[in-house]
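In what follows, a structure is listed as structure tokens, so that the remarks can point back to it.
The values are calculated or read from the model by the stated rules, or taken from the named source; none is laboratory data. On a predicted model such as this, the values are computed, not experimentally measured, just so you know. Here the Cβ is made from the backbone with ideal geometry for all residues, glycine too, and neighbour counts use every protein chain on show.
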Amino acid sequence: MGHTKLTMEEKGKVMVLAGVGLSNREIGRRLRRSETAIRRVKQAAATLGTGGTPQRKKGTGRKRKTDTRTDKMLERQVKKDPFVTAKELKEMYADLLGEVSVRTVQIRLQKDLKLPCRRAAQKPLLTKKMKKQRVDFCKRHADWTQEDWRRVMFSDESASKTISRRQKLVRRPSGSDRFDSHYTMKTVKFPAGVMVWGSFSGEKGTGGLYFLNKNVNMNAKLETTTQPLHHHNHHRYNHIHPSLQLDPTIKNTSSLESVFISWLLQHTAVSNCYLVYDEVDRGSFYDSENICKPGTSTITT
């Protein structure tokens, strides 16, 4: 039989089972409690009237290790730094939490303060320059209509790994070897993967997917990308004159990339090249017929 206090749920079950005529011994057997505990609950309920459930007496039980002031201090610190751990909080406030275990701090955060521990979501790291470029781009295109955006062709490549690097949780018996192959997650230094390229627009919908080699140089990029770009523009985006937007985080400085951009302007239906970054300090970025001067943001072919 247990020696802990009966919960309100258990007390409610006692009253229900007693109402159907079960004996104290049978109720105790079902709830795994002593007959004395069942009898005391029924005696306390008799003084409350019909349908009453006795509450726990005030002042009973072990004294809390932390007071309200300490709990509020923990709450302020976690809201200030949501990545702080219970162990770090105990070390940070050793004078207040010296006799408090790390597990108690975790319980205060999770149950009492409603601050459970979760896996943090991942987002791209953006510098101040990147944020400014995005705001500037939005301001330059604030007056674009829905029809203007429908004529824009969006394209990108994406790499997918065949082996996930996300850490898994494993249930391992105490005293077992952490590095036992039965409990380890297998990884490789360079996992295999595939890279695909695709495009879409509001005017013509989605295009197909093209598989690219994982490690491609500029020559391979020209060979593998010009074919699907030409196919998409000729068959999917013909007569809509889409716009080409360059990624501001990628510096297209090589001569082959300059030729590649020039090819896009000459052999596809791209009519405008919108540069997200303000300055392009490269005089040979395009050929003589399509030169993007420093400080300009639009090229019309």
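Annotation note: Cβ proximity below 6 Å between a residue of segment 176-190 that is within 23 Å of Thr162 (Cβ to Cβ) and a residue that is assigned to a loop (DSSP other than H, G, I, E, B) and at pLDDT below 80 (sequence gap 6+ or interchain) occurs for Tyr183/Val170; Tyr183/Arg172; Met185/Lys168. For Ala18, the conditions (1) part of a helix (DSSP H, G or I); (2) at pLDDT 90 or above; (3) not polar (S, T, N, Q) all hold with the exception of (2). Do we have any residue at all in segment 115-128 that's among the polar types (S, T, N, Q) and surrounded by 10 or more Cβ atoms within 10 Å (Cβ to Cβ)? No, the conditions are met nowhere in segment 115-128. Would you check which residues across segment 3-15 are outside any loop (DSSP other than H, G, I, E, B) and of a type outside the set (D, E, K, R) and list them? Within segment 3-15, Met8, Gly12, Val14, Met15 qualify.
Does Arg76 meet the test of being among the basic types (Lys, Arg), within 45 Å of the chain's Cα centre (by Cα) and in a loop (DSSP other than H, G, I, E, B)? Criteria not met by Arg76.
Pairs are defined by a Cβ separation below 8 Å, a sequence spacing of at least 6 or placement on different chains, a first member in segment 72-89 that is free of Cβ contacts under 8 Å to residues at least 40 places away in the same chain, and a second member that is among the charged types (D, E, K, R) and surrounded by 15 or more Cβ atoms within 10 Å (Cβ to Cβ); the pairs so defined are Leu74/Arg108. A single member of Arg32, Arg56, Arg25, Arg76 is at positive phi and not aromatic (Phe, Trp, Tyr), and it is Arg32.
Taking the conditions (1) under 30 Å from Lys168 (Cβ atoms); (2) surrounded by 15 or more Cβ atoms within 10 Å (Cβ to Cβ) in turn, Lys42 satisfies each one other than (1). Residues that are closer than 16 Å to Thr4 by Cβ and either in contact with a strand residue (DSSP E or B) (Cβ under 8 Å, 6 or more places away or on another chain) or modelled with pLDDT of 85 or more (or both) within segment 34-58 comprise Ser34, Thr36, Ala37, Ile38, Arg40, Val41, listed in sequence order.
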